[in-house]
1. Roughly how many debye, to the nearest 20, is the charge dipole of segment 41-117 about its Cα centre, given +1 on each Lys and Arg Cβ, -1 on each Asp and Glu Cβ, and no other charges?
2. Projecting each Cα onto the charge dipole of segment 41-117 (Lys/Arg +1, Asp/Glu -1 at the beta carbon, about the Cα centre), which of Phe57, Leu73, Ala44 comes out farthest on the positive side?
3. With N residues in segment 35-119, what two-decimal value do you get for its Cα radius of gyration over 2.2 N^0.38 Å?
4. If you rank Glu48, Glu58 by fewest surrounding Cβ atoms within 10 Å, what's the result?
Amino acid sequence: MPKVAIDAKPSAAARLAPSYAEFGQDTIDAAMKTNAALNDGIEAIGEEVAQYARAAFESAGETARGLLGARTLEDVVRVQSDFAKRSIENFVECSVKLSELGYLLVGASVGAWDARAKR
């Protein structure tokens, strides 16, 4: 039976295997961090939208009570004007908060991949 020479040096594939494994682990870590950031961000956005809906509902209720108690046309106009003003202020405030949350969400999601890409 012929003897086969055994090469003592590891093959190129064997030398690259640890780096491939590290690459895979880094990718999985980045994906998990992104998933966690998305989860937290979507939850925060949902809470903000729910809070806005509650505020809008309460404002509408206050306006309805105010309209029921109005005695003159001036009272009706004042109550409606106050409602419109509150509605716009609440909408702008909520929009700003949602924009900030969206910005933070994207930053956190991309940040994990950015750190991964720099390795």
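No lab work stands behind these numbers, since they all come straight from the coordinates. Given the structure is predicted, the values throughout are model-derived calculations rather than measurements. Note: ideal-geometry Cβ built from the backbone for every residue, glycine included; neighbour counts use all protein chains shown.
1. For this selection, approximately 160 debye.
2. Looking along the dipole axis, the top candidate is Leu73.
3. 1.66
4. Glu58, Glu48
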